[in-house]
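The values are calculated or read from the model by the stated rules, or taken from the named source; none is laboratory data. Every value quoted in this text rests on a predicted model; they were computed, and no experiment measured them. Neighbour counts are summed over all protein chains in view; Cβ atoms, including those assigned to glycine, are modelled from backbone coordinates with ideal geometry. Just the protein is used for accessible areas: all its heavy atoms, side chains included, with ligands, DNA and RNA removed. Shrake-Rupley method; radii C 1.70, N 1.55, O 1.52, S 1.80 Å.
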Amino acid sequence: MTTGLQGLLAVLAVLEVLAVVALVPFLVRAVHGRVPAVALLMLARIAVGPSGLGWPQPNPAIDLLEKIGLGLILALIGLTIDQKTLGGTAGRLGFLGWLSTLGIGTLLAALLLLGDGLRPGPSWWPSAPRPSPPSW
């Protein structure tokens, strides 16, 4: 593939992403604001991305836009949190949920570290190679 054609495909991929981002506010108005714009942005990313239609071909420009978009979405979520609810029941439940997720993840990681870890297939499967234990 020639360099000019690669550049054109990169520009088209960026235009596809920008078109999706530009259409999301209209979708928010179409559902009368019942679904947050952040949720629709994430759903559009899934629908158009590699898991869905696979439209934008991966390239460095798309990777940069993905990282900037994720940062903006997280900033938007942080700005929309009502700080008064964090001290009430919702805040306590959120903290307990976060703490339990951290505990379960830590426990599973410790169990995987103590055991054989993850295998590519069942242990009885003949073609599944057993990984060597880590040499720490």
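If the condition is being over 23 Å from residue 12 (Cα atoms) and open to solvent by 100 Å² or more (accessible area, probe 1.4 Å), then the range 31-43 contributes 32, 34.
Checking each residue in the range 76-100 for being over 26 Å from residue 37 (Cβ atoms) and surrounded by 10 or more Cβ atoms within 10 Å (Cβ to Cβ) picks out 92, 95, 96, 99, 100. Tell me, which residue of the range 29-38 that is assigned to a helix (DSSP H, G or I) and modelled with pLDDT of 85 or more is nearest to residue 79 (Cα to Cα)? Looking at the filtered set, the residue picked out is 29.
Yes or no, residue by residue, for (1) surrounded by fewer than 14 Cβ atoms within 10 Å (Cβ to Cβ); (2) at pLDDT 85 or above; (3) in contact with a strand residue (DSSP E or B) (Cβ under 6 Å, 6 or more places away or on another chain); (4) under 26 Å from residue 80 (Cβ atoms):
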residue	(1), (2), (3), (4)
16	no, no, no, no
45	no, no, no, yes
54	yes, no, no, no
65	no, no, no, yes
69	no, no, no, yes
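Could you go through the range 3-23 and let me know if any residue there is at negative phi and not in a helix (DSSP H, G or I). No, that holds for no residue.
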